[in-house]
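Just so it is clear, none of the values below were taken in a lab; they were calculated from the coordinates. Everything numeric in this text was worked out from a predicted model, so none of it was measured. Every residue, glycine among them, receives a Cβ derived from its backbone with ideal geometry; neighbour counts consider all protein chains shown.
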Amino acid sequence: MKYDKLILLEDWLAFHIDFLQAATDNDKIRDYMNYIRIEKSEKGEDKLLGVATNGRCLYLVDPLADHLVNKGLIVGDWKVFKISSKTKYERKLLLARVEDENKKFQYPNWRKVITDSEAVYSTTFNGFDFKQKHPRYPDLIKFFRDFPDATAINLSYIKGLGTNDEWKVKWRDANKIIEFSCRERSAFIMPMMM
C-alpha cells in the first residue's frame, strides 16, 4: 500500500484517533477493516468525522477535534501506527493516508448500521480499566443483567470505550446493534449469538 501523507500525533492530540483505532482489525481479506475512514461531517463546514469498523463493532467520532484538521487530516482512508502508548495521555501515533490511486478497497456504507429506531431500554455505562487492581466487575454484571433479554457482548469492544467516561446506552433487542454514545464519540456493537 502506498501512502501520500503522514501525521504524527502525540498525547491528547491522539485521543480521537486512538479511540477509532480500537475498532480496526488486521483482516487480510477485507482491507478496509485495517483503516480509519475520514469523511466530511454534517456538523459544520470545516468539520470532519472519523469511522472505523471490524465488522462486529463500529466506532464513530463526529465531529473530530479541530486540532486534527489543523495538523493536516483530510478526507480519505488512514492507517494508524502506534509508536508508543504509556498511558491515556502519553502516546504517539503515526497516521498514514492511503494514496487514492493505489487503493484496492472500497469502504462500506457504514451509515446503514446506524439506526434511529426507538430504544426498548436505555441506561448508562461507566468505562473502567480492566487491568486495575479491583475492577468493577459487579457493575459490569449488573449492566448485562439489567437488559430486558439475555445479551452478550465481546468485552474487548467495551474495553475500547476507555475509562472514566459515562456512556448513554440504547438497547433495542438481544440480536440488534447496541448503541453507546458519549459526547462526540459513538460505538455501535453487535451482540454475540447465544
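Numbers below:
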{"item": "Surrounding net charge for residue 159, when Lys and Arg each add one and Asp and Glu each subtract one, Cβ distance under 12 Å", "result": "0"}
{"item": "Identified option (computed P(r) over Cα pairs in 5 Å bins from 0, in percent; candidates (i) 1, 5, 8, 7, 6, 5, 7, 8, 8, 7, 6, 6, 5, 5, 4, 4, 3, 2, 2, 1, 1, 0, 0; (ii) 1, 7, 15, 20, 20, 16, 11, 7, 3, 1, 0; (iii) 1, 8, 14, 14, 13, 12, 12, 10, 7, 5, 3, 1, 0, 0)", "result": "(ii)"}
{"item": "Choice from 109, 126, 154 showing the highest fluctuation, given a GNM over the chain with Cα pairs closer than 10 Å", "result": "109"}
{"item": "Gain upon complete extension [residue 101, residue 145; 0.36 nm per residue less C-alpha separation]", "result": "10.9 nm"}
{"item": "For residue 153, residues with placed amide H under 5 Å, excluding near neighbours", "result": "192"}
{"item": "Ranked list, fewest to most other Cβ atoms within 10 Å of each Cβ, for 111, 37", "result": "111, 37"}
{"item": "Extension gain (nm, one decimal) between residue 66 and residue 40, 0.36 nm per residue minus Cα-Cα", "result": "8.1 nm"}
{"item": "Among 20, 48, 140, residue whose mean-square fluctuation peaks in a GNM of the chain (springs only between Cα atoms under 10 Å)", "result": "140"}
{"item": "Interchain or long-range residues, amide H under 5 Å from residue 177's placed H", "result": "none"}
{"item": "Of the chymotrypsin sites (Phe, Trp or Tyr not before Pro) in the stretch 53-151, those whose Cβ has at most 10 other Cβ within 10 Å and which sit in DSSP loop", "result": "89"}
{"item": "Exposure proxy order (Cβ contacts within 10 Å, fewest to most) of 60, 8", "result": "8, 60"}
{"item": "DSSP-assigned coil residues among GluC sites (Glu not before Pro) in the stretch 1-86, each with at most 16 further Cβ atoms within 10 Å", "result": "42, 45"}
{"item": "Net charge contributed by nearby residues that have their C-beta within less than 9 Å of residue 55 (K/R +1, D/E -1)", "result": "0"}
{"item": "Leading residue at positive end of dipole, the chain (Cβ point charges), from 121, 150, 16", "result": "150"}
{"item": "Coil-residue GluC sites (Glu not before Pro) of the stretch 68-168, DSSP, other Cβ within 10 Å capped at 10", "result": "118"}
{"item": "Residue exposure sequence - 30, 56 - by fewest surrounding Cβ within 10 Å", "result": "30, 56"}
